[in-house]
Amino acid sequence: MGKAWKFEDNLNTDEIIPARYNITIIPLELAKNVFCEIKPEYTKTVQPGDVIVGGQNFGCGSSREHAPIAIKGSQAKCIIASSYARIFFRNAINIGLPILECPEAVADITEGDDIDVNLATGEIFNRTNGHQYQAQPLPQFVLKIADAGGIVNFLKTHDIQELLS
């Protein structure tokens, strides 16, 4: 369970983490400046397990991996959005940041709602208003990557065939 942090459509990677902070790839360092220009209170009050809720085309803009790394470093449980920019989607999976698409949840969730997410089933429960939503669950191989902390970590300890099975 976690608090919902709500963002608008077309949130770009420079709004997630401005380029001037992209001098490292250390998640906790990047997390210190995530959303600093659009939600400066985020870094001061985010709690492990909070949920990012975004509109359409989440993560558009540059293809830098810093944006999903910064979100992951903030210890957000996952992102729920209506849709994702293609490169952000790939980068999020590669670094082990769980993402779900569910336009119905995005339309109904408000900032601060208490959200529970089951990544394996795709079930999203809004404890604040009692509504439940169904996202497409993450494929097993994506869950394995997320559990390992990203594709590189997964491949360090697993055979590639295990990822495909």
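Extension gain, Phe141-His158: 0.36 nm per intervening residue step, less the Cα-Cα distance, totals 4.9 nm.
Here is the link list: Lys44/Lys72; Lys39/Lys77; Lys44/Lys77; Lys44/Lys144; Lys6/Lys144; Lys6/Lys32. Which ones come out longer than 24 Å on Cα distance?
Details: Lys44/Lys72 15 Å; Lys39/Lys77 18 Å; Lys44/Lys77 17 Å; Lys44/Lys144 31 Å; Lys6/Lys144 27 Å; Lys6/Lys32 19 Å.
As for pairs spanning more than 24 Å Cα to Cα, those are Lys44/Lys144; Lys6/Lys144.
At a Förster distance of 30 Å, what's the computed FRET efficiency of Ile23 paired with Met1, Cβ-Cβ distance as r, to 0.05?
On the way: r = 34 Å, r/R0 = 1.13.
Efficiency, rounded to the nearest 0.05: 0.30.
Among Glu111, Glu123, Glu65, the residue with the largest mean-square fluctuation in a Gaussian network model of the chain, with springs joining Cα atoms closer than 10 Å, is Glu111.
Taking all Cα-Cα distances within the stretch 19-165, those exceeding 22 Å account for 39%.
Between the C-alpha center of the stretch 80-147 and that of the stretch 20-53 there is a gap of 19 Å.
Ranked from highest to lowest mean number of other Cβ atoms within 10 Å per residue, what is the order of the peptides 14-20, 128-134?
Working: 14-20: 18.0, 128-134: 13.0.
Highest mean packing first, the order is 14-20, 128-134.
Working note: Karplus 6.51/-1.76/1.60 with θ = phi - 60° gives the stretch 49-55 the couplings x, 5, 10, 8, 10, x, x Hz, where Gly and Pro are set to x.
Taking amide H atoms as placed 1.01 Å from N in the peptide plane, the amide H of Cys78 lies under 5 Å from those of Ile52, each 5 or more residues away in sequence or on another chain.
For the stretch 42-131, what is the charge dipole size about the Cα centre, in debye to the nearest 20, if Lys and Arg each add +1 at the Cβ and Asp and Glu each add -1 at the Cβ?
Numbers: 7 positive and 10 negative charges, 100 e Å.
The dipole magnitude comes to about 480 debye.
Could you tell me what % of all Cα pairs in the stretch 80-165 have separations over 22 Å? The proportion of pairs with Cα distances above 22 Å equals 32 percent.
Once backbone amide H atoms are built at 1.01 Å from N, Val34 has no partners under 5 Å, excluding neighbours fewer than 5 places away on the same chain.
Every read-out reported here was derived from the displayed coordinates using simple, explicitly stated rules and does not represent laboratory data. None of the values given here were measured: they were computed from a predicted structure. Positions of Cβ are generated from backbone atoms using ideal geometry, with glycine treated the same way; all protein chains shown enter the neighbour counts.
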